[in-house]
Amino acid sequence: MEMQDKIKLFLAGLVVVAGIVGFYLIPDGQGLLRALAFVASILLAAGVVWTSAPGKGLVVYANESMVEARKVVWPTRKEATQVTLMVFVFVTVLALFMWLVDSSLSWLFYDVILGRGG
């Protein structure tokens, strides 16, 4: 990253900090002005970041992500329902298996080996 970009990112951070400080310096009775000051600092910082190389890279990445998201083939309602039911069945069978193993080990250790069963 070039020094110019580092300076821009540092400046954006200072703008956000200034917005936070400004938010707390404005009296409580002026809530709308407080919120606008903070939002304005965030927007100004975003504009500064957007002009830097990392900011431009983020915009390119976001655009490419949107293109890829449009290529996603979503399952039909029937497919989604079937997969959901299979997950529920699998979880139920696994829970029963774990309960059986836990009960068996508990019986083995407490009743048979240690003789503490009731």
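The values are calculated or read from the model by the stated rules, or taken from the named source; none is laboratory data. Bear in mind the structure is a predicted one, so any value in this text is a computation, not a measurement. All Cβ positions, glycine included, derive from the backbone under ideal geometry; neighbour counts span all protein chains shown. These area figures cover heavy atoms from the full protein model, side chains too; ligands, DNA and RNA do not enter into them. Shrake-Rupley method; radii C 1.70, N 1.55, O 1.52, S 1.80 Å.
With every protein chain kept in place and ligands, DNA and RNA left out, what is the accessible area per residue of segment 29-116? Probe 1.4 Å, answer in Å². Dividing the accessible area of segment 29-116 by its residue count gives 85 Å².
What you get for segment 1-116, charging only the Cβ of Lys and Arg (+1) and of Asp and Glu (-1), is a dipole of about 280 debye around the Cα centre. Among the listed values [x] 29.1, 76; [y] 14.7, 51; [z] 14.6, 46, the one matching Rg and Dmax of the Cα atoms in Å as calculated from this structure is [x]. When R77, R116 are compared by accessible area of protein heavy atoms, the largest-first order is R77, R116, using a 1.4 Å probe. Taking all protein chains as they are arranged and a probe of 1.4 Å, the heavy atoms of T92 leave approximately 80 Å² accessible to solvent.
Of the listed residues D28, D102, D5, D111, the order by accessible area with a 1.4 Å probe, largest first, is D28, D102, D111, D5.
Going by a ≥ b ≥ c, the root eigenvalues of the Cα gyration tensor, does segment 10-53 fall in the rounded group (a/c under 1.5), the prolate group (a/b larger than b/c) or the oblate group?
Verdict is oblate for segment 10-53.
Net charge in the neighbourhood of N63 (other residues with Cβ under 14 Å of its Cβ; Lys, Arg +1, Asp, Glu -1) is +1.
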